[in-house]
Amino acid sequence: MSTYSVEVVWHRADAESDRDFLANRYSRRHLLRFDGGLEVPGSSSPQVVPLPWSDASALDPEEAFVASLSSCHMLWFLSIAAERKFCVSRYADAATGLMEKNADGKVAITVVTLRPEVLFSGTPLPTREALDQLHHAAHDACYLANSVKTEVRCEPVYSARQPGG
């Protein structure tokens, strides 16, 4: 069993009055502190809370959710590829999350689509079928994909520079 901790810190800016807060006109900017010492500015998404009460340059929970699923899939993919003796040179994912009403009528990220593009070097090079199997195995192993109700799709990008493409 493992435990993961993140500290989330928000405070009202000195310039914001009690009246502003009660009228829902306050900054959503906050700080995320991770156990390794990394600090990341956070905010609500400007798609959810309009500017200037959101900060478009900060990480929002929806982006973090999509990034977490993408990162977990990638880390499992790399591990499984190495185990199967495929040398990965580059992995890039243009992941997206769709927020809409779910079957219960609640707003949720209902689908996360991963679009990884993987480049390999050396031999052996995986066939397209082997590449699909790597992604399937990574999806099955991903702790986060196993933890959420959201549908997680993997739509690998095949290019001419990839084996089996």
| query | Is it fair to say GLU100 is charged (D, E, K, R), under 20 Å from the mean Cα position of the chain (by Cα), assigned by TED's automatic domain parsing to the domain that holds ALA137 and part of a strand (DSSP E or B)? | reply | yes
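Go through the range 90-105 residue by residue and tally those that are closer than 19 Å to ALA137 by Cα and surrounded by fewer than 14 Cβ atoms within 10 Å (Cβ to Cβ). Walk me through how you get there before you give the answer.
If we filter the range 90-105 for residues that are closer than 19 Å to ALA137 by Cα, which is where we start, we get 90-93, 95.
If we keep only those that are surrounded by fewer than 14 Cβ atoms within 10 Å (Cβ to Cβ) too, we end up with 90, 92.
Qualifying residue count, the range 90-105: 2.
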Going through the range 1-43 in order, the residues found to be over 18 Å from GLU62 (Cα atoms), of a type in the set (A, V, I, L, M, F, W, C) and touching a Phe, Trp or Tyr at 6+ places or on another chain (Cβ under 8 Å) are ALA13
Just one listed residue, out of PHE34, PHE21, is more than 27 Å from LEU98 (Cα to Cα) and not charged (D, E, K, R), and it is PHE21
Filtering the range 103-140 down to residues that are under 20 Å from the mean Cα position of the chain (by Cα) and assigned to a helix (DSSP H, G or I) yields LEU134, HIS135, HIS136, ALA137, ALA138, HIS139, ASP140
When (1) among the small types (Gly, Ala, Ser); (2) touching a strand residue (DSSP E or B) at 6+ places or on another chain (Cβ under 8 Å); (3) assigned to a loop (DSSP other than H, G, I, E, B); (4) in contact (Cβ under 8 Å) with a residue 24 or more places away in the chain are applied to SER54, the one that fails is (2)
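The values are calculated or read from the model by the stated rules, or taken from the named source; none is laboratory data. Predicted, not measured: the structure shown is a model, and the values here were computed from it. Positions of Cβ are generated from backbone atoms using ideal geometry, with glycine treated the same way; all protein chains shown enter the neighbour counts.
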